[in-house]
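Colleague: My structure is below; once you've seen it, I'll send some questions.
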Amino acid sequence: MENLTFTQEVKPPDTKKGPVKWLKDNLFNTWYNTILTCLALVFLFFVFRGVLTWVFTQANWQVIPANLQIFSIGPYPLEQIWRVSYVIYGLAVLLGLSAGIWNGLTRQITVVIGCLGAIILLLPFATSIREQTLIATVILAVSFAIGRNKDNWKQWVVVGWVLSFPWTMMMLHGFGADTVSTTLWGGLLLTLILAAVGIVACFPLGVLLALGRRSQLPAIKWVSTVYIETVRGVPLIAILFMGNVLLPIFMAGDFQLDKVIRAMIALTLFSAAYMAENVRGGLQAIPQGQVEAAQAVGLTYPKATLFIVLPQALRAVIPAIVGQFISLFKDTSLVAIIGLLDLLGIGRSVLGNSEWTGLQAEVFLFIALIYFIFTYAMSHVSQKIEADLGVGKH
Amino acid sequence: MTENENITNDPIIICEDVHKWFDDFHVLKGITTTFKKGERAVICGPSGSGKSTFIRTINRLEEHQRGTIIVDGIELSNDLRNINLIRQEVGMVFQQFNLFPHLTNIKNITLGPIQVRKMSKKAAEEAALALLERMDIADQAYKYPAEISGGQQQRVAIARALAMEPKIMLFDEPTSALDPEMISEVLDVMRELAHSGMTMLVVTHEMGFAREVADRIMFFDEGVVIEEAAPADFFDNPQHERTKLFISQTLQH
Ligand SMILES: Nc1ncnc2c1ncn2[C@@H]1O[C@H](COP(=O)(O)OP(=O)(O)OP(=O)(O)O)[C@@H](O)[C@H]1O
Ligand SMILES: [Mg+2]
């Protein structure tokens, strides 16, 4: 007789389903679901037929390629466009180095951006744009190769990123006689700058306000609370108007902040209040025992906050924070109201040109698509970050 | 009970008439006692009697409102520098472990030495690995707290406290949150620590451990120490009715 083993390997039941099985289980499992599915398909067919016919036969897309440069940089003077290129090259160096040093997410993002560069190369853009894209993509690849496994460069790259903000601003503006006034900044360039400055500046401010609101010191607590509640009680448009109209009145003498800077300040101050409330939500989720354990090993309040409380609080509210960043990105379109030519503002000025009147649908759809691409990328990256940090696991 | 050959005559914690209120609620009603270097004291008593509150006043997780507490020659006052000095000398282990969930076990342990004691990262990691070895969980160093068992987590927490090289260790019911089969692994570690000469204040209901390790058992009731004695006297010859009741109840389990 053969030997029988009592512990047999048991395979987990096969729970994977093919697409047909999935359709059957989810869309056609009962007679009324089948009817609903068919009705929905008919509905979608009519909607999409309309949209697709319009997109492919009726729409006049000529307006987009003809104004691509305007959409990208607005009225920024062409002979100064090398400034924009240099900014992009600088960022490509930083991004490439970062991707080389930190693997994982940074590398994925960089690869995606590199692919975008390659796509632009293949599309029929103007030669100068393709040339600059080629240079930027090559710089990206080279810095990536250089940065590989250079662990000890980390802090320098971080310093580089921090400095990239003032550097970008100064580079775009220029020094001495040869300057480009911020009134000439526009298009996607302006939108991205406003959003980036707003995001980077509102984050630390929001964290400080959130900590302030929970402070033991009554003065700090009171100031933070009043600030947060006041700003949250006022619409962003009102704050933009106030920045635009009131700030120049308050600022005595000849010194005047320019319009773009005022918009940046308004956006930052506005977002910081919401950021503070998001962060406070995270702070409240941290059990008291965490602080006590940190104190018990002798960490001071600032160190306990920095190493124990904030990392846990922030990762708990990553979705809310990224949601806030996405709103901020879209809210930059409100600066069109105070006369700045951001992506949306520039779209309206293009439509004001008699050559392109009546093409609202094409222009706004294009602009919406650009906003969507950026916000979707932000949302996707946030999910990746959560997965990388193991949120919810430890 | 084995004789404690490490106990000295030098006082290391001196409590004089310590009072504590939570709002109007009088939790500690005049605790006066002295702990000697190398002494192992077990604190027991019914729930709500102020045991946790008392040991938490010793590293200032709770502030006392009257009386004096002197730890290793430093008086606890509102002076933040003194508080931080004392916290470096006093390790604490909590009932709920309170490990930092976003840090690996080894980073939980090295954070204090690196940030507070200004140790180099390399030295701190070596010391941490040695401690984990001593706790018998060296293989768990690079996992996160959520990935190991409760008994292992509590041993990481003990290692975290020991990494600061404290002179005194406070334990607040270190085994109460553990499944029964994990209690002994934590008690073994604490027993080993006791024999190494550490000054220990342990709040626990583990009477076997108390009888074996303690030099003195303090019985708390409603914010006062109503009886304190060596384990032999405490268990075999309790003086107060409340103590007798408590002992008969805990020994039933
Ligand atoms: N932060 C606080 N605020 C108000 N009251 C508190 C606070 N902490 C503890 N108390 C009260 O003080 C009393 C003593 O609490 P303590 O935690 O010291 O008791 P304990 O002896 O450790 O009890 P247990 O065995 O349940 O842990 C309890 O009545 C408790 O409700
Ligand atoms: Mg307690």
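Bear in mind that the values in this text are calculations on the coordinates, not laboratory data. This one's a predicted model, so the numbers in the text were calculated from it and none came from an experiment. Note that each Cβ is placed from the backbone with ideal geometry, even for glycine, and that neighbours are counted across all protein chains shown.
Colleague: Specify whether the C-alpha gyration tensor of the stretch A:180-394 places it in the rounded, prolate or oblate class, a ≥ b ≥ c being the square roots of the eigenvalues: rounded for a/c under 1.5, otherwise prolate if a/b is larger than b/c and oblate if not.
Modeller: Because a/c hits 1.5 or more and a/b fails to exceed b/c, the stretch A:180-394 counts as oblate.
Colleague: Using the beta-carbon distance between A:R130 and A:T230 and R0 = 60 Å, what value does 1/(1 + (r/R0)^6) give for FRET efficiency, to the nearest 0.05?
Modeller: 0.75
Colleague: Looking at chain B as a GNM with Cα springs under 10 Å, which of B:V202, B:V42, B:V18 has the largest mean-square fluctuation?
Modeller: B:V18
Colleague: Give me the percent relative contact order of the stretch B:28-178, please, defined on Cα pairs under 8 angstrom at least 6 residues apart.
Modeller: 28 percent
Colleague: If each residue of separation counts as 0.36 nm, what is the full-extension length gain between A:A145 and A:N103 once their alpha-carbon separation is subtracted?
Modeller: 13.9 nm
Colleague: Given H placed 1.01 Å from N in the peptide plane, which residues other than close sequence neighbours of B:E39 have an amide H under 5 Å from its amide H?
Modeller: B:T8, B:M200
Colleague: Using a cut-off of 11 Å between beta-carbons, work out the net charge of the residues near B:L61 (Lys and Arg +1, Asp and Glu -1, B:L61 not included).
Modeller: My count for the surroundings of B:L61 gives -1.
Colleague: With the crude spin-label approximation of a point 7 Å out along Cα→Cβ, what separation in nm comes out for B:H195 versus A:I237?
Modeller: Distance between the two pseudo-spin positions: 7.8 nm.
Colleague: Which angle from 0 to 90°, rounded to the nearest 10, does the C-alpha axis of helix B:241-252 make with the longest principal axis of chain B?
Modeller: Between helix and principal axis, roughly 50 degrees.
Colleague: May I pose another question? Under 10 Å, Cα contacts only: if you run a Gaussian network model on chain A, which one of A:G282, A:G50, A:G174 comes out with the highest mean-square fluctuation?
Modeller: Among A:G282, A:G50, A:G174, the largest GNM mean-square fluctuation belongs to A:G50.
Colleague: How large is ³J(HN,Hα) for each residue in the stretch A:336-342, as worked out from phi by the Karplus curve 6.51 cos²θ - 1.76 cosθ + 1.60 (θ = phi - 60°), to whole Hz, x for Gly and Pro?
Modeller: 4, 5, 8, x, 8, 9, 6
Colleague: Among A:A276, A:A336, A:A294, which one shows the highest mean-square fluctuation when chain A is modelled as a Gaussian network with alpha-carbon springs under 10 Å?
Modeller: It is A:A294.
Colleague: What FRET efficiency comes out for the pair A:L121/A:W22, r = Cβ-Cβ distance, R0 = 45 Å, nearest 0.05?
Modeller: For A:L121 and A:W22, the calculated efficiency is 0.70.
Colleague: Provide the gained length on full extension for the span A:F175 to A:Y86, in nm with one decimal, where the gain is 0.36 nm per separating residue minus the Cα-Cα distance.
Modeller: Contour length minus the Cα-Cα distance gives 30.6 nm.
Colleague: Pairs of Cα atoms under 8 Å, at least six residues apart: use those to get the relative contact order of chain A, whole percent.
Modeller: With pairs under 8 Å counted, the relative contact order is 19 percent.
Colleague: Please state, as a whole number in µm²/s, the translational diffusion coefficient that the Stokes-Einstein equation yields for the stretch A:1-95 at 10 °C and 1.306 mPa s, with Rh defined as the Kirkwood radius across alpha carbon pairs.
Modeller: 76 µm²/s
Colleague: If you don't mind, another one. Charges on Cβ only, +1 for Lys and Arg, -1 for Asp and Glu, centred on the Cα centroid of chain A; of A:I81, A:V157, A:A126, which one is farthest towards the dipole's positive end?
Modeller: Going by the Cα projections, it comes out as A:V157.
Colleague: Please work out the ratio of the alpha-carbon Rg of the stretch B:1-149 to 2.2 N^0.38 Å and round it to two decimals.
Modeller: 1.22
Colleague: Can you put A:V260, B:V93, A:V381 in order, fewest other beta carbons within 10 Å first?
Modeller: By the 10 Å Cβ count, ascending: A:V381, A:V260, B:V93.
Colleague: Still on this model: Taking one equal scatterer on every alpha-carbon of the protein assembly as shown, how large is log10 of I(q)/I(0) by Debye at q = 0.06, 0.09 1/Å?
Modeller: These q points yield log10 I(q)/I(0) values of -0.53, -0.95.
Colleague: While we're here: In whole percent, what relative contact order does chain B give with Cα contacts below 8 Å and a gap of six or more residues?
Modeller: So the answer I get is 26 percent.
Colleague: Roughly how many nanometres apart are two label points built 7 Å out from the Cα toward the Cβ at A:A361 and A:N60?
Modeller: It is 1.3 nm.
Colleague: Moving to a separate point now. Got a sec to turn the phi values of the stretch A:371-378 into Karplus ³J(HN,Hα) couplings, 6.51 cos²θ - 1.76 cosθ + 1.60 with θ = phi - 60°, whole Hz, x for Gly and Pro?
Modeller: Each residue's phi maps through the Karplus curve to give 4, 4, 4, 5, 5, 5, 4, 4 Hz.
Colleague: Would you please give the FRET efficiency between B:E3 and B:R81, computed as 1/(1 + (r/R0)^6) with r the Cβ-Cβ distance and R0 = 35 Å, to the nearest 0.05?
Modeller: 0.35
Colleague: So what's the back-of-envelope 222 nm ellipticity for the protein assembly as shown, counting only DSSP H runs of four-plus at -39500 (n - 2.57) apiece and dividing by all residues, rounded to 500?
Modeller: -18500 deg cm²/dmol
Colleague: For the stretch A:74-164, report the translational diffusion coefficient in µm²/s to the nearest whole number, using Stokes-Einstein at 37 °C, 0.692 mPa s, and a Kirkwood Rh over Cα pairs.
Modeller: Answer, rounded: 238 µm²/s.
Colleague: Let me ask another. What whole-number volume per residue, in cubic angstrom, does the convex hull of the C-alpha atoms of the stretch A:19-58 give?
Modeller: 61 Å³
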